[in-house]
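Derivation of every value follows stated rules applied to the coordinates shown; laboratory data play no part. Everything numeric in this text was worked out from a predicted model, so none of it was measured. Cβ atoms come from the backbone with ideal geometry, glycine included; neighbour counts cover every protein chain shown.
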Amino acid sequence: MKHRVGLLSLSDGRERVHQGLVPVVEQYNHVLATALEATGEIEVVRGSTPINHPATARREAERLKQAGVTGVIIHQPVFGFPHFAVIAAQILDPPFLLLSPREPNYPSLVGLLTVGGSFAQLQIPHVRLWGDIGEPQVLAQVMAFVRAASAVRRLRGQVYGLLGGRSMGLYSAAPAPNLWLRTFGVDTDNVDQFEIVRRAETVSPERVETGIDWLARHTRGIQFDDMQLTPAKLERQVRAYLATKDIIADYGWDFLGLKCHYEMSEFYAVQCLSASLLNDPYDWEGPKETTVVSCEADSDGALSMQLLKLITDQPVALLDVRFYDQQAQVWVLSNCGAAPTWFAARSPGPSQNLARVDLVPSTPKYLAGGAHVCFQFQAGPVTLARLQRAGDAYQLVILKGNIQEMPLDSVTGSSSIWPLAFVRLDVPVEKMVTHLNSNHLHLVSGDCTQELCLVGQFLGIETLNLSP
């Protein structure tokens, strides 16, 4: 999905001066729009003319609003009257990027600072950048703004579905619906887990058989044991996955939390297959958009994952912070549930990823049984994050790390039956233990720490960037 970005520029309110500035502004806007569209990530909605009158400011702002832009760049290669930007900002939704090139012949920096000063007085969320779009660092900063602004805007109006209630007494996983609406613009809907059980019985045999055959052909192996994992229990999990997929579509949910423990894992089947495949960009019914799902009804976890998805357009995982192996210098992150198989090889198609995945019998402590989705995360750079609450205020914890692939017997605290990531983080253990208010962290491929810091700024929440 391309980010739709609005592009406005201000001019001089005197008509004779304005006419002389129009060619300069339009040339710079052409260069900027061309560079942004060349990334393949952005569709630029340009203003029809540089703004030189209050009526023009209102008209151009309404035009961008109707176009559904998810971020606005106010581009100032010249000085323009700053009140035109303030007028437009009353119609458009923040945040804004104030961008000016290093233009020595026109007071571009003056244009940037006068608009920025006006926005600061009025507490209009914005960021400022003075530099030429042809410089890689400047383009990278603009792209970070675009992704962060788009994530914040796209999150507003979304619906979070909660299947079940609070799991295992986890206060850190329980939602705060009123705070979510005020801070993020997200609505919360709740449905009992029995709806999965009820609908699972109505799924057609053809869909189920296709799913079981697909898993048998593509995974490295299905380790039936005649106790925890039997063909009947795997069929029940496949039915539950398809039922959950249908529930999401019928209720119009954008992302969800799934309780599982302990009604489902004790008396029906573990929901690991659902949590893994919903977060994947594929299943046996074809390529699909990932649907963020957190297990253990971790609502703040699901919200963290949805933000990461909206920023990167990539699969996101939920993992427990299980252990730190001091000798190997890796954090052992592992959880029975919401880890998409995509992370096994980070391939766009299922075959390469699932070839590194085993379906194994669930741990005996989950009485109902079923399969855990077992694999080791492929090596590579990752970003980890967590939205957490301190009192009634949200914080956004941010970490940058690298996954290492290592033999299981070489790392203390590793698991042979759950998805597993060995992550190297340049952060002291004491700092993690002191500042992390949840047992869960959420992981996405690549480095989006700059975007996350901007998200925190745009949402007005504290960011705790624990990585140096």
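Things to note:
- Each peptide in 343-349, 92-98, 295-301, 362-368 was scored by the mean count of other Cβ atoms within 10 Å over its residues; highest first, the order is 295-301, 92-98, 343-349, 362-368.
- Computed E for residue 232/residue 325 - FRET, C-beta separation, R0 60 angstrom, nearest 0.05: 0.95
- Segment 204-215 - phi-based ³J(HN,Hα) in whole Hz, Karplus 6.51/-1.76/1.60, Gly and Pro as x: 5, x, 5, 5, 5, 4, 4, x, 4, 5, 4, 5
- Measuring nothing but alpha carbons in segment 87-132 and taking Rh as the Kirkwood radius, the Rg to Rh ratio lands at 1.00.
- Under 5 Å between amide hydrogens, built in the peptide plane, is the criterion, and for residue 42 it picks out 3 among residues at least 5 positions away or on other chains.
- Comparing 457, 6, 468 along the charge dipole axis of the chain, the residue lying farthest to the positive side is 6, per the Cβ-charge model.
- Rounded, prolate or oblate (a/c below 1.5 giving rounded, otherwise prolate when a/b exceeds b/c) for segment 272-401 by Cα gyration tensor: rounded
- Summing Cβ point charges (Lys, Arg +1; Asp, Glu -1) relative to the Cα centre of the chain gives a dipole of roughly 900 debye.
- Secondary structure note: in segment 159-465, about 65% of the DSSP beta bridges are antiparallel.
- For the pair segment 135-157 and segment 368-400, the centres of their Cα atoms are 22 angstrom apart.
- Site pair residue 176 and residue 26 shows an inter-label distance of 5.1 nm when each label is modelled 7 Å from Cα along Cα→Cβ.
- Whole-Å semi-axes of the ellipsoid equivalent to segment 3-155 (Cα gyration tensor, √5λ, descending): 21, 18, 15
- In this calculation the C-beta distance from residue 198 to residue 392 is compared with R0 = 51 Å, giving a FRET efficiency of 0.90.
- Counting beta carbons within 10 Å around each of 264, 1 and listing the fewest first gives the order 1, 264.
- Annotation: the antiparallel percentage among DSSP beta bridges lying fully within segment 3-155 is about 0.
- A straight line joining the Cα centroids of segment 287-355 and segment 1-78 runs 38 Å.
- Relative contact order %, the chain, counting alpha carbon pairs below 8 Å whose residues are six or more apart: 13 percent
- Segment residue 1-residue 41, length gained on full extension (0.36 nm per residue, minus Cα span): 13.7 nm
- Segment 3-155, relative contact order in percent, only Cα pairs under 8 angstrom and at least six apart counted: 25 percent
- Karplus 3J(HN,Hα) series, Hz, for segment 338-350 with 6.51 cos²θ - 1.76 cosθ + 1.60 (x for Gly, Pro): 7, 10, x, 5, 3, 6, 5, 9, 6, 9, x, x, x
- Measuring r between the beta carbons of residue 212 and residue 405 and using R0 = 30 Å, the FRET efficiency lands at 0.55.
- Under Karplus coefficients 6.51, -1.76 and 1.60, residue-wise ³J(HN,Hα) of segment 302-315 in Hz, glycine/proline x: 4, 5, 4, 5, 5, 4, 4, 5, 5, 6, 9, 6, 10, x
- Global geometry of segment 114-262, whether rounded, prolate or oblate, following the gyration tensor of its Cα atoms and the 1.5 cut on a/c: prolate
- Rg/Rh for the chain, where both radii come from Cα atoms and Rh is the Kirkwood radius: 1.04
- Distant-in-sequence amide H partners of residue 379 (H built 1.01 Å from N, under 5 Å): 405
- Under 19 Å between alpha carbons - lysine pairs in the chain that sit 8 or more apart or on different chains: 13
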